[in-house]
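Written below as structure tokens is the structure these notes are about.
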Amino acid sequence: MEKKFINESANINNKKWDQMISRKSPIYIRDTDIRSDFERDYTRIIHSNAYKRLKHKTQVFFSPKNDHICTRIEHVSHVESISYTIADTLGLNTSLTKAIATAHDIGHSPFGHQGEKILNEISIRDCNKTFWHENNGLFFADNIELLEDNNGNKQNLNLTYAVRDGIISHCGEIDEDFLKPRDEYIDLENYLTPNQYSPFTWEGCVVKISDKISYIGRDIIDAISLGILDNDLDELYELLSCPREYKLNNANIINKLIYDLCMNSNPKDGLIISEENLNLLTKIKEFNYSKIYKSSRILPSNKYFSLVINQIYDTLKNLYSGKDTISHLNNLNKHYPKLISGFISWLKQYLNITDRSDNKLQNNILFDINNPIDYYSSIIYYISGMTDNYAIEMYNEIISF
């Protein structure tokens with residue numbers, strides 16, 4: 001198949017190249033380093049704690065006993081695989097799609113989108129700002145995640161603009177007829193809502209649509225495996241126009257969409273899925289929301305997620321006492337030793353009162369301990385980084401005597 005986008009690829013001949021590979025600060029150079037800028041980003045991402053924790057975060061189904069049910073990190077791998085296939089077929093930069101896809105969900109909270117919804121409600125109420133995982137992912141990449149440099153100093157990830165843009169621009173909840181990158185090089189901190197801007201690169205657009213293709217198909221297969229769709233299989237086969245003997249699996253569902261996209265897309269018109277398959281994609285999404293995401297099997301756990309997250313948040317929030325907060329937290333350490341010690345250790349890395357004269361911290365200072373909203377925000381960020389199991393462990397510690 002013709003590589004129709006090869007002249008649009010993220011490479012040194014692209015007019016946006018210098019902006020794509022720009023970083024907030026220069027990155028150290030090794031004489032022996034043979035990786036590209038985007039390959040270096042990918043390595044930084046997979047060594048980050050936010051990425052490692054994705055293996056214990058809900059994709060759709062909470063704490064499945066079946067090891068073959070998708071978790072958040074598997075979803076990330078699926079998006080990377082799909083975006084690689086599309087980018088390679090079209091002639092785009094697969095190193096860039098790999099870095100974006102691998103990082104795209106590092107801002108996800110515990111308990112999937114329900115956890116995100118709960119933290120958003122808290123953030124609007126107490127901090128007067130929304131919480132959404134694409135924006136949180138960029139914040140983690142820019143400010144929270146720390147890596148040691150050659151001298152052992154802890155610094156922020158400092159990713160390229162193209163990868164940072166891909167993280168905040170990846171919203172898969174899209175229904176556009178086509179996708180094209182924007183021309184403007186904007187300050188990414190000006191993003192106010194998900195899907196506000198198109199990605200800056202074609203590669204970012206590929207990851208954005210791959211995100212949707214990935215979850216649309218895999219969520220169906222997982223739901224079938226768990227018996228959630230036992231009473232809806234006839235409707236599903238009719239929706240997909242498949243005979244009952246046809247094997248419904250992830251490969252068959254997504255291959256049709258990937259092939260259609262690659263056949264119909266071009267630089268002039270953008271990334272396009274045919275009208276027939278775009279309508280099919282919309283109908284599958286509606287089916288998933290009705291039969292899976294709002295299933296009676298899933299809804300009861302949402303009450304539990306709300307209880308866990310709100311209890312952790314309220315416990316830490318109620319310990320705020322201005323400049324004496326750290327001392328106050330330490331005094332309560334005997335009651336909640338793991339929660340308090342973990343939070344203090346994490347928080348001190350970003351506080352304006354931390355003495356950095358004898359440590360290796362060179363990252364951004366984020367929170368003013370004298371500002372209660374800063375403190376409340378710090379709790380939200382801390383919780384958002386938790387795995388499902390860790391959040392539950394902290395909740396159990398709070399309610400235990």
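The values are calculated or read from the model by the stated rules, or taken from the named source; none is laboratory data. Predicted model, so just to flag it, every value in this text is computed and none were measured. For neighbour counting, all protein chains shown are included, and Cβ atoms are generated from backbone atoms with ideal geometry for every residue, glycine included.
When restricted to residues that are polar (S, T, N, Q), modelled with pLDDT of 85 or more and farther than 25 Å from residue 8 by Cα, region 226-275 contains 1. Among the residues of region 274-305, those that are surrounded by 13 or more Cβ atoms within 10 Å (Cβ to Cβ), under 21 Å from residue 82 (Cα atoms) and in contact (Cβ under 8 Å) with a residue 24 or more places away in the chain comprise 278, 280, 281, 284, 285, 288. Filtered by the rule that a residue be surrounded by 13 or more Cβ atoms within 10 Å (Cβ to Cβ) and of a type in the set (Phe, Trp, Tyr), region 354-401 gives 367, 375, 376, 381, 382, 390, 395. Only residues that are hydrophobic (A, V, I, L, M, F, W, C) and within 20 Å of residue 165 (Cα to Cα) were counted across region 93-152, and they come to 14.
Considering each residue of region 169-191 in turn, at least one proves to be crowded, with 24+ Cβ neighbours inside 10 Å and at negative phi. Within region 340-353, the set of residues being surrounded by 14 or more Cβ atoms within 10 Å (Cβ to Cβ) and either more than 24 Å from the chain's Cα centre (by Cα) or farther than 18 Å from residue 395 by Cβ (or both) comprises 340, 344, 347, 348, 349, 350, 351.
Could you list, in sequence order, the residues of region 191-204 that are touching a residue at least 60 places away in the same chain (Cβ under 8 Å), assigned to a loop (DSSP other than H, G, I, E, B) and aromatic (Phe, Trp, Tyr)? Answer for region 191-204, where residues must be touching a residue at least 60 places away in the same chain (Cβ under 8 Å), assigned to a loop (DSSP other than H, G, I, E, B) and aromatic (Phe, Trp, Tyr): just 200. In this structure, residue 234 does not satisfy being free of Cβ contacts under 8 Å to residues at least 12 places away in the same chain and assigned by TED's automatic domain parsing to the domain that holds residue 87. Looking only at residues of region 133-163 that are touching a helix residue (DSSP H, G or I) at 6+ places or on another chain (Cβ under 7 Å) and either over 30 Å from residue 28 (Cα atoms) or of a type in the set (S, T, N, Q) (or both), we find that the one that is surrounded by the most Cβ atoms within 10 Å (Cβ to Cβ) is 136. The number of residues in region 132-190 that are within 30 Å of residue 283 (Cα to Cα) and either assigned by TED's automatic domain parsing to the domain that holds residue 361 or part of a helix (DSSP H, G or I) (or both) comes to 9.
Here is a check on your reading of the model: is residue 110 crowded, with 24+ Cβ neighbours inside 10 Å and of a type outside the set (A, V, I, L, M)? Yes. Listed residues 209, 228, 272, 284; which is aliphatic (A, V, I, L, M), outside the structural domain of residue 63 (by TED's automatic domain parsing) and touching a strand residue (DSSP E or B) at 6+ places or on another chain (Cβ under 8 Å)? Result: 272 is the single residue among 209, 228, 272, 284 that is aliphatic (A, V, I, L, M), outside the structural domain of residue 63 (by TED's automatic domain parsing) and touching a strand residue (DSSP E or B) at 6+ places or on another chain (Cβ under 8 Å). Checked against (1) of a type in the set (Lys, Arg); (2) in a loop (DSSP other than H, G, I, E, B); (3) touching a helix residue (DSSP H, G or I) at 6+ places or on another chain (Cβ under 9 Å), residue 268 passes all but condition (3). Which one is farthest from residue 385 (Cα to Cα), of the residues in region 101-113 that are within 12 Å of the chain's Cα centre (by Cα) and in a loop (DSSP other than H, G, I, E, B)? Top of the filtered list is 104. Checking the stated criteria, residue 43 turns out to be over 13 Å from the mean Cα position of the chain (by Cα), modelled with pLDDT of 95 or more and of a type in the set (Ser, Thr, Tyr).
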